[in-house]
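The values are calculated or read from the model by the stated rules, or taken from the named source; none is laboratory data. Remember, predicted model here, so these are calculated numbers, not experimental data. Here the Cβ positions follow ideal geometry from the backbone for every residue, glycine too, while neighbour counts run over all protein chains shown.
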Amino acid sequence: MSAPLRLRRDADALVANWRALARLSGLATCGAAIKADGYGLGARWVATTLMAAGCREFFVATWAEAAALADLGLPALSVLHGVRAEDMALARSGIATPVLNTTAQAARWRDSGGGACHVMLDTGMNRLGLGEGDLAAGALDGLAVDVVMSHLACADEDSAMNGVQLRRFGELAPRVPAQRRSLANSAAIALGPDYAFDLTRPGLALYGGVPRGELAGMIRQVAFPQAQVLQRRSVPAGQTVGYNATWTAPADTDVAIVNYGYADGYFRGFSNRGHALFDGAELPVIGRVSMDLIAIDVTGHDVAEGDWLDLDFALPLAAAQSGMSQYELLTGLSGRFEQA
Ligand SMILES: *Cc1c(COP(=O)(O)O)cnc(C)c1O
C-alpha cells in the first residue's frame, strides 16, 4: 500500500543533534528521551539510530512504551512514570528500570523485591516526584538508587525559577543514596554546565526542536513531512478557497490541493500562514486547513497532480506560524505517514 503523505526522517541530523547535546553536556552522559513514540518520529527508529551512534541511556513514559522496545536490547531504558500496581508484572520482568515518583511507588518496588531503580524529586514544578517530607519519612530506605533526578519547569525561559530549582536539587539530592544525578532536559543543557550533573535527558532538541536561542544554529531539522498533490485547479479572481471562504483570489490563481491536513498534524493554525517548499520557492498555504487537505498557491510553478511537495516544518518557525508548541507539532505527526 502506498500513502499520499510521507515523513522523511534525517538520521544524520538526529545523530548530529545528539552529538551536539552530548558535547554541551560536558562530562555528563547524554541520554535520549524517546517517549510518545520518539516524539512522533518512531521510537524504534530513534533508539536504534542513536544506539548505533553510542547513546546508552533511553527514557520512556510508560511500561507499554518500554515493552514495545524490549526486543531491541537497549543498554539502559528507564520508565519515567514509575510503577503503578498494574505495571508490576512487566516491571519485574526486567525490561526497564522504574523512576520512582511517590512513596507508594517506592514501597511497591521495595516490597516486590527492590533492585535497581531511579528516583524523581520534585524541586518546585509540582508535577511528579518525591518531596522533602517523603525523604524525611524514610520513603527510600533500603532501596538501591542509581539515578536521582528532577525536572525544571522553566528551562526554556530566562526565569529565576531555574536557579531556585537548581539550589533545591543541590539540597535534596544528597539526601538520596544514589550513584548519579540528573536534572537537564534539552533546554536545561543550554543553561550551562551547572545543570548537567552526571546524566542529561534531552528529547525535543534531538528531533530538531530549539527550546532556547543558545541552541539555534546547532540543532538540525530531523522531520520533513511531504504530501502529494491530488488536484491542480485555476481559481478566477474574486473566488474563494476552502472552508468558510477565508481566502479570496486577488487575481487568477493556480492552486494545488494537497493530501495533508489537521488530522495528520498540520493544525488549523497554519491556515493562510504555512508554506510548502518547491524547487527552493516558498508557496503559501491559502485558506483553512481541512482535516485531510490543504490548498497551496502554485501560480507560476510547474506543480502537477501526483507531484510531491515538502511542507515547511522547521520547528521554531512552524510553532510561530501555527501557535502550537514545537512539542505538539512533533507528537501530532500522525500514523498516516509512510515513514522514510
Ligand atoms: C520529556 C522529559 C524530558 C525531555 O524533555 P525535552 O524538553 O523534550 O528535552 C526529560 N526529562 C523528563 C522527566 C521528561 O519528562
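Brief remarks follow.
- Condition check for ILE189 on (1) surrounded by fewer than 22 Cβ atoms within 10 Å (Cβ to Cβ); (2) under 30 Å from VAL15 (Cα atoms): one failure, at (1).
- Criterion violated by ARG92 - all others in (1) of a type in the set (Lys, Arg); (2) surrounded by fewer than 18 Cβ atoms within 10 Å (Cβ to Cβ); (3) away from the ligand (no atom under 16 Å from the Cβ); (4) touching a residue at least 24 places away in the same chain (Cβ under 8 Å) satisfied: (4)
- Whichever residue in the range 202-219 is assigned to a loop (DSSP other than H, G, I, E, B) and surrounded by 17 or more Cβ atoms within 10 Å (Cβ to Cβ) and, among such residues, is nearest to the ligand (Cβ to nearest atom): GLY203
- Residue in the range 175-201 that is farthest from the ligand (Cβ to nearest atom), counting only those that are hydroxyl-bearing (Ser, Thr, Tyr) and in contact with a helix residue (DSSP H, G or I) (Cβ under 8 Å, 6 or more places away or on another chain): TYR195
- Elements of type strands (runs of 3 or more DSSP E) in the range 256-305, at least 2 residues being of a type in the set (Gly, Ala, Ser): none
- Residue among TYR266, TYR262 that is free of Cβ contacts under 8 Å to residues at least 40 places away in the same chain and within 28 Å of the chain's Cα centre (by Cα): TYR262
- Residue among ALA76, ALA36, ALA32, ALA43 that alone is touching a residue at least 12 places away in the same chain (Cβ under 8 Å) and over 15 Å from the mean Cα position of the chain (by Cα): ALA76
- When we screen THR102, THR97 for residues that are in contact (Cβ under 8 Å) with a residue 12 or more places away in the chain, surrounded by fewer than 23 Cβ atoms within 10 Å (Cβ to Cβ), farther than 25 Å from ASP194 by Cβ and in contact with a strand residue (DSSP E or B) (Cβ under 6 Å, 6 or more places away or on another chain), the only hit is THR97.
- Only one of the numbered conditions (1) touching a Cys at 6+ places or on another chain (Cβ under 9 Å); (2) surrounded by fewer than 21 Cβ atoms within 10 Å (Cβ to Cβ) is not met by LEU199, and that is (2).
- The combined condition, being in a helix (DSSP H, G or I) and near the ligand (Cβ under 10 Å from one of its atoms), is not fulfilled by LEU172.
- Of the criteria (1) within 23 Å of the chain's Cα centre (by Cα); (2) surrounded by fewer than 18 Cβ atoms within 10 Å (Cβ to Cβ); (3) modelled with pLDDT under 95, which one ALA320 fails: (3)
- Summed over the range 243-253, the residues that are surrounded by 13 or more Cβ atoms within 10 Å (Cβ to Cβ), closer than 19 Å to VAL298 by Cβ and out of contact with any strand residue (DSSP E or B) (no Cβ under 6 Å at 6 or more places or on another chain) give a count of 1.
- Checking ARG127 against (1) touching a Lys or Arg at 6+ places or on another chain (Cβ under 6 Å); (2) within 16 Å of the ligand (Cβ to nearest atom), the condition it does not meet: (1)
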